[in-house]
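First up is the structure itself, then whatever we jot down about it.
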Amino acid sequence: MDRQRRRSRLTRILVTTAILFGGVAAVPSGSSCFTDSIVFREGTNIAATVSPDARTVIMDLQGALWSLPIGGGKARKITDDFLEPSRPNWSPTGDLVTFQSYATGTFHIWVMKPDGSNLHQLTDGHGDDREPHFSPDGTRIAFASDRAFAGSYDIWVVDVATGALTRWTNGPADEFEPSWTPDGKEIVFVSGTGAVGTTIQAMDAAGTARTLITAPTGFRVNSPVMSPDGVRVAYEQFAANKSTLMVSGQQVGTSTDVFPFHVTWLPGDRLLYSADGKLRISTVSGGTDEIAFSAAYRFQRTKYPRKHFDFDSRRTRQATGIVGPALSPDGTQVVFQALNQLWLMKIGQKPRALTSDSYYKCDPSWSPDGKRIAYSSDKAGTEDLYVLDLASGTEKRVSSIVGAEVSSAWSPDGSQLAFQDQTGATFVLDLGTGAVRQIIASLFAPSKPTWFKDGKTVAVGALKPYTRRFREGTSQILTVDVASGSLTYTEPAPFKSLSTRGEDGPVYAPDGSAVAFVMESALWVRPVDAHGVPTGEARQINAEVTDAPTWSGDSQHLLYLSSGALRMIPRDGGAPTTVRLDLSWQPEMSDGRTIIHAGRLWDGKGAAVQSDVDIVVRGNRIQKIR
């Protein structure tokens, strides 16, 4: 995924598991907090490592590292809730454990003592460092990283004592999940395209490589580890939603849900690995034992009042869901979406509805002369583009291609509309001829398009991944030459991202002098060159949460949303002002009786599903199900 802090990940894990496992809550009377205890005996995608004396296991589970005896039993949590560690690996010297951590907002390599003390971060920077593995002498750690920003993952080595880095591979393929040969002279790793590893390679420090395993057609391989004698290699092999543990081409164990992490070779030709939510030890020649564990997770959170849902009141209330505001070219009016209608508001007056149907509509945009508004509606079955003439109130459907047409943007001369379809591809529609031409291929959730003043360039916010293996990268400003299709990516600031892409710009100033966008939740303005490509440094012009920026026609002001309120600010910054919006609504409720015939119904109270029932609704309440 694109580079954003994922601190909420732990909260989601705990809330989800509390629901799934039903924690025991201790809530003292009058207390402002409560504590939950949840006991786990299984886990998803557990990675595990074993001490050199084969007595202790450290595994990652629920966003933490845990220690337990290799014979099983109670696991002890040895890292805190905010380290976000994973893929531990024990040093052959026994004194350190390495792992990857997301504590700083980027994956880096850390080390600690086996009891969780003396935490130390070994790598840093903007790239992701993953899948660490100690050398046989414990002095170096091999890991996979995109830190070269060359478009692929490479194998790197960090010196544990000094932190010095050495790049081990630099080919165009993705190389990842490294381990070492027993003599420490070669690194063994997966090579492939993106996350699909097709071969297992071994390479020495001079760059001489040899192929150990080639995946069968249609399969991928993961996490190779050489046997202590240096003859065989253990790895996972995946195809058709089945993952098996392999040793040099032969399956070990019977599981078809082996987790894709490094195994540990144990004395007696045994392998410790994770599969089916469990920790297991299998002998290469046959036979499997399970390591049963229990991990008690305790967490505390502040009590909060539950939201009260008022289903009965018909009181009038203010609309708070304002979407897609667009400032008119003369700066005196705002069009926006709310309550599933489009509204036009002269600043300082009450808004009036431009639509009154029950179809979904979105993405209103002004023509350069301020006389027409383009928007999307599904009134014809799928989202199409419509142009509404404000003076006459008449409208015309201007597009009808297969699929959806949304996110319209007018060209500076008013002759064309840029828009996007449901796949994230960007097109240009000629309003005179109706001709449609694609200018940008499908992207992952791009922003709305925006036109540069000369009508020759269109820009969108687009994710530019660092590699093909993951979606990590930055959300950048992508400009396209409309005639040639030539694309240029520009970071909003070094190693920074547009906030959400969808509603957060870029948006060109009509005079062609700058582009506005939201970065780190605030509003920024950056100059552009004669072709609309951002140049110079971005400048922050406000200090509040911002969404959906839009320019005035004279390029001197910007309107945006902040916490549901419309705000206006000069382009050079200063104190923003609130644009008052008075839009009230009243819930509609039926007074009669409605009977809904349902073939199947799940009432949410258990696993049972009822068949062929009548749901009797009186007013706004379900009266009975029969």
Cα coordinate range in region 24-181, projected on the principal axes (Å, largest first): 61, 36, 28
Heavy-atom surface of region 477-626, accessible at 1.4 Å and reported per residue (Å²): 51
Cα-only Debye scattering, region 116-165: base-10 log of I(q)/I(0) at q = 0.21, 0.31 Å⁻¹: -0.76, -1.28
Where T123, T382 fall by accessible area, highest first, once all protein chains stay in place (1.4 Å): T382, T123
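How much accessible area per residue does region 116-161 have, counting only protein heavy atoms and a probe of 1.4 Å, in square angstrom? Walk me through the numbers on the way to the answer.
Working: 1490 Å² over 46 residues.
For region 116-161, the per-residue accessible area is 32 Å².
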Contour excess over end-to-end distance, with Cα ends at L266 and D357 and 0.36 nm allotted per residue: 25.8 nm
Overall dimensions of region 482-584 as given by Cα atoms, namely Rg and Dmax in Å: 13.9, 48
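Quote to one decimal, in nm, the extra length available between R580 and R315 on full extension: 0.36 nm per residue of separation minus the C-alpha distance between them.
Values: separation 265, 0.36 × 265 = 95.40 nm, distance 2.12 nm.
Length gained between R580 and R315: 93.3 nm.
Beyond a 28 Å Cα-Cα separation, which of these cross-linked pairs lie in this structure: K77/K307; K307/K346; K113/K242; K396/K448; K346/K453?
Values: K77/K307 34 Å; K307/K346 35 Å; K113/K242 35 Å; K396/K448 22 Å; K346/K453 26 Å.
Beyond 28 Å between Cα atoms: K77/K307; K307/K346; K113/K242.
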Mean residue ellipticity (222 nm) of the chain, computed from DSSP H runs ≥ 4 via -39,500 (n - 2.57), nearest 500: -500 deg cm²/dmol
Rounded to the nearest 20 debye, dipole of region 296-429 from Cβ charges on Lys, Arg, Asp, Glu: 1100
Filtered trypsin sites (Lys or Arg not before Pro), region 178-263: DSSP coil and at most 16 other beta carbons within 10 Å: K185
With Cα atoms, 0 to 90° folded angle of helix 8-21 axis to the chain main axis: 70
Charge dipole of the chain about the Cα centre (unit charges at C-beta), most positive-ward option of L122, F40, G287: F40
Loop-located chymotrypsin sites (Phe, Trp or Tyr not before Pro) in region 336-384 whose Cβ has at most 15 other Cβ within 10 Å (DSSP): Y359, Y360
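Taking only protein heavy atoms into account and a 1.4 Å probe, give the accessible area per residue of region 283-376 in Å². Present the calculation step by step, with values, prior to reporting the outcome.
Values: 5390 Å² over 94 residues.
So region 283-376 comes to 57 Å² accessible per residue, rounded to a whole number.
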Gap separating the Cα centres of region 512-579 and region 451-465, nearest whole Å: 16
Of all accessible heavy-atom area on the chain, the percent that carbon and sulfur account for (1.4 Å): 51
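Relative contact order for region 291-394: what percent, with Cα pairs under 8 Å and sequence separation of 6 or more? Can you show the working numbers first?
Numbers: 150 pairs, mean separation 15.9, N = 104.
Relative contact order of region 291-394: 15 percent.
If a/c stays under 1.5 just call it rounded; otherwise compare a/b with b/c (prolate if a/b is bigger, oblate if not). Do that for region 36-120, with a ≥ b ≥ c from the square roots of the Cα gyration tensor eigenvalues.
Details: a/c = 1.75, a/b = 1.04, b/c = 1.68.
Taking the square roots of the gyration eigenvalues as a ≥ b ≥ c, region 36-120 is oblate.
Report the convex hull volume per residue for region 569-626, counting only C-alpha atoms, in Å³. Please report the intermediate quantities before stating the final value.
Numbers: hull volume 11.4 nm³, N = 58.
Expressed per residue, the convex hull around the Cα atoms of region 569-626 is 197 Å³.
Name the shape class, rounded, prolate or oblate, that the alpha-carbon gyration tensor gives for region 439-479, where a ≥ b ≥ c are the square roots of its eigenvalues, rounded holds for a/c under 1.5, and otherwise prolate holds if a/b is larger than b/c and oblate otherwise. Walk me through the numbers before you get to the answer.
Numbers: a/c = 2.88, a/b = 2.54, b/c = 1.13.
Note, shape of region 439-479 comes out prolate.
For the chain, give the magnitude of the charge dipole about the Cα centre (Cβ charges: +1 Lys/Arg, -1 Asp/Glu; no others), in debye to the nearest 20. Could you put the intermediate results ahead of the total?
Numbers: 64 positive and 66 negative charges, 395 e Å.
Dipole magnitude for the chain comes out near 1900 debye.
Using the C-alpha atoms of region 65-112, what convex hull volume per residue, in cubic angstrom, is computed? Write out the running numbers ahead of the final one.
On the way: hull volume 3.7 nm³, N = 48.
Looking at region 65-112, the number lands at 76 Å³ per residue.
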Loop trypsin sites (Lys or Arg not before Pro), region 562-619, which have at most 11 other Cβ atoms in a 10 Å radius of their Cβ (DSSP): K605
Cα gyration tensor shape for region 344-487, rounded if a/c is under 1.5, else prolate or oblate: prolate
Calculated P(r) tail over 41 Å for the chain, as whole % of Cα pairs: 44
Mean separation of Cα contacts under 8 Å, 6 or more apart, over the residue count of the chain: relative contact order %: 8
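The values are calculated or read from the model by the stated rules, or taken from the named source; none is laboratory data. Nothing here was measured: the structure is a model prediction, and the numbers come from that model. Neighbour counts are summed over all protein chains in view; Cβ atoms, including those assigned to glycine, are modelled from backbone coordinates with ideal geometry. The protein model used for the area step is the full one, side chains on, heavy atoms only, and it has no ligands, DNA or RNA in it. Shrake-Rupley method; radii C 1.70, N 1.55, O 1.52, S 1.80 Å.
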